[in-house]
């Protein structure tokens with residue numbers, strides 16, 4: 001039988017529902033106030049539950065934030081797809097299309113997900129154990145993909161790791177810059193010329209895989 005309790009608002013909720021409300025509350029606070037708005041009392045108030053439950057179900061605010069990011073980070077969410085797609089594919093064309101698809105998806109997701117933009121901004125401006133551990137998980141997924149792709153570049157002067165790193169980090173920066181400053185980058189309006197950027201991602205990946 002599922003353990004049930006009465007929240008501060010008087011509504012009866014089960015454990016799983018409350019955990020989801022707490023995770024959702026993290027996203028809501030980040031969207032409204034940025035990552036600096038996160039705190040035990042603020043999250044409990046947003047979720048409309050006792051703050052004791054944050055410790056009971058997650059162990060603390062850091063672990064709750066980690067649960068939120070693990071659920072919403074683009075690359076972590078793509079882990080299963082990367083494992084499936086790379087398990088039986090070794091041909092150049094299939095792997096090239098997979099890399100292009102993931103990078104295009106990265107651009108689209110980050111451009112529309114305000115909460116994750118705040119998380120990445122937090123990650124690059126402050127060092128925390130939680131975000132560092134998430135970065136390691138994210139890197140592990142990238143490693144899985146690149147280990148499958150790298151053999152295609154044996155003997156080539158092209159470094160697919162460097163190309164991918166530039167594309168991933170460039171996407172992060174151009175979108176953060178566009179959203180924060182509402183200005184162009186190299187004459188490109190990221191919001192109105194999205195298709196040109198997506199086409200450029202494909203062109204760069206095509207160039208990289210032409211070995």
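The values are calculated or read from the model by the stated rules, or taken from the named source; none is laboratory data. This one's a predicted model, so the numbers in the text were calculated from it and none came from an experiment. Backbone-built Cβ (ideal geometry, glycine too); neighbour counts: all protein chains shown.
Restricting to region 62-83, name every residue that is over 29 Å from residue 51 (Cα atoms) and either in contact (Cβ under 8 Å) with a residue 40 or more places away in the chain or in a loop (DSSP other than H, G, I, E, B) (or both).
Let us first name the residues in region 62-83 that are over 29 Å from residue 51 (Cα atoms), namely 75, 78-83.
Result: 75, 78, 79, 82, 83.
For residue 92, the criteria (1) free of Cβ contacts under 8 Å to residues at least 60 places away in the same chain; (2) more than 24 Å from residue 30 (Cα to Cα); (3) in contact with a helix residue (DSSP H, G or I) (Cβ under 6 Å, 6 or more places away or on another chain) hold in every case but one, which is (1). If the condition is being out of contact with any helix residue (DSSP H, G or I) (no Cβ under 7 Å at 6 or more places or on another chain) and either in contact (Cβ under 8 Å) with a residue 40 or more places away in the chain or surrounded by 17 or more Cβ atoms within 10 Å (Cβ to Cβ) (or both), then region 95-107 contributes only 102. Among the residues of region 85-94, are any out of contact with any strand residue (DSSP E or B) (no Cβ under 9 Å at 6 or more places or on another chain), surrounded by 15 or more Cβ atoms within 10 Å (Cβ to Cβ) and at pLDDT 90 or above? Among the residues of region 85-94, not one is out of contact with any strand residue (DSSP E or B) (no Cβ under 9 Å at 6 or more places or on another chain), surrounded by 15 or more Cβ atoms within 10 Å (Cβ to Cβ) and at pLDDT 90 or above, which makes the answer no.
Here residue 181 passes the criteria (1) more than 20 Å from residue 75 (Cα to Cα); (2) surrounded by 15 or more Cβ atoms within 10 Å (Cβ to Cβ); (3) within 22 Å of the chain's Cα centre (by Cα) except the one numbered (2). Set side by side, the residues 152, 167, 145 differ, and just one is crowded, with 17+ Cβ neighbours inside 10 Å, more than 22 Å from the chain's Cα centre (by Cα), assigned by TED's automatic domain parsing to the domain that holds residue 90 and in a helix (DSSP H, G or I), which is 152. Among the residues of region 190-211, write down those that are in a loop (DSSP other than H, G, I, E, B) and in contact with a helix residue (DSSP H, G or I) (Cβ under 8 Å, 6 or more places away or on another chain). Correct list: 190, 191, 211. The residues of region 108-142 that are in contact (Cβ under 8 Å) with a residue 60 or more places away in the chain and not in a helix (DSSP H, G or I) amount to a single one, 128.
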